[in-house]
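K.L.:
Below you'll find the structure I mean.
No lab work stands behind these numbers, since they all come straight from the coordinates. Nothing here was measured: the structure is a model prediction, and the numbers come from that model. Note that each Cβ is placed from the backbone with ideal geometry, even for glycine, and that neighbours are counted across all protein chains shown.
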Amino acid sequence: MILTTHDRTIINHLQGGFPTCEDPWDELATILNLPIDEIICRIDRLQEHGMLSRFGPIYNAERMGGGLTLAAIEVPETRYDEVTDIVNSFDEVAHNYARDHKLNMWFVLATERPEQITSVIDEIEQQTGLQVYNMPKQEEYFLQLKFEV
């Protein structure tokens with residue numbers, strides 16, 4: 001897929017956030033000087049072609065009274081797909097990444113209440129037969145990471 005100037009403008013702008021107002025699409029259309037339908041169509045196309053991994057809000061589960069943690073598992077290569085399916089079947093799994101490391105599967109758990117983290121980890125261990133390493137954050141840093149395209 002070849003990115004057009006409009007695609008690049010949309011990607012670059014949305015990395016800074018989506019408008020939070022009564023009519024966000026109208027505001028975005030005004031800012032980008034593009035029709036709403038075209039913006040939505042381009043975002044859909046960018047996702048379909050894998051140029052965007054996701055388009056949607058990111059919530060701070062902890063500020064909303066929930067729990068959040070990073071977890072990892074050492075998964076035998078022969079079981080990787082099976083374990084991936086099990087882990088991803090949990091609604092609480094927000095992201096799941098393969099890593100080139102002894103702990104080769106890393107995922108984020110986001111729960112409605114902090115105490116649910118332990119029960120979800122226990123259930124994943126029971127279903128996979130593998131140990132889940134819970135790595136809750138100790139400090140949080142905000143990085144305004146943007147990739148200009």
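K.L.:
What is the local net charge at THR69, summed over the other residues whose Cβ is closer than 11 Å to its Cβ (Lys, Arg +1; Asp, Glu -1)?
P.N.:
So the environment of THR69 carries a net charge of -1.
K.L.:
Using DSSP to call loops (not H, G, I, E or B), can you name the GluC sites (Glu not before Pro) in the stretch 1-92 whose Cβ has at most 11 other Cβ atoms within 10 angstrom?
P.N.:
GLU22
K.L.:
Any chance you could give the angle, 0 to 90 degrees and rounded to 10, that helix 5-14 forms with the longest Cα principal axis of the chain?
P.N.:
50
K.L.:
Quick one, which of (i) 35, 19, 13; (ii) 23, 19, 17; (iii) 24, 20, 10 is the actual semi-axes √(5λ) of the Cα gyration tensor in Å calculated for this model?
P.N.:
Answer by label: (i).
K.L.:
Same structure, new question: Chymotrypsin sites (Phe, Trp or Tyr not before Pro), restricted to the stretch 57-149: which are DSSP loop and have at most 14 other Cβ atoms within 10 Å? Walk me through the numbers on the way to the answer.
P.N.:
On the way: sites: TYR59, TYR80, PHE90, TYR97, TRP106, PHE107, TYR133, TYR141, PHE142, PHE147; in loops: TYR59, PHE90, TYR141, PHE142, PHE147.
Sparse-neighbourhood loop chymotrypsin sites (Phe, Trp or Tyr not before Pro): TYR59, TYR141, PHE142, PHE147.
K.L.:
With a point put 7 Å past each Cα toward its Cβ, work out how far VAL149 is from ILE40 in nm, to one decimal.
P.N.:
Computed distance between label sites VAL149 and ILE40 equals 2.0 nm.
K.L.:
Looking only at trypsin sites (Lys or Arg not before Pro) in DSSP loops with at most 13 other Cβ atoms within 10 Å, what is the longest site-free stretch of the chain?
P.N.:
1-53
K.L.:
Sum up the charges of everything whose Cβ sits under 13 Å from the Cβ of ARG113, counting Lys and Arg as +1 and Asp and Glu as -1, but leave ARG113 out.
P.N.:
-4
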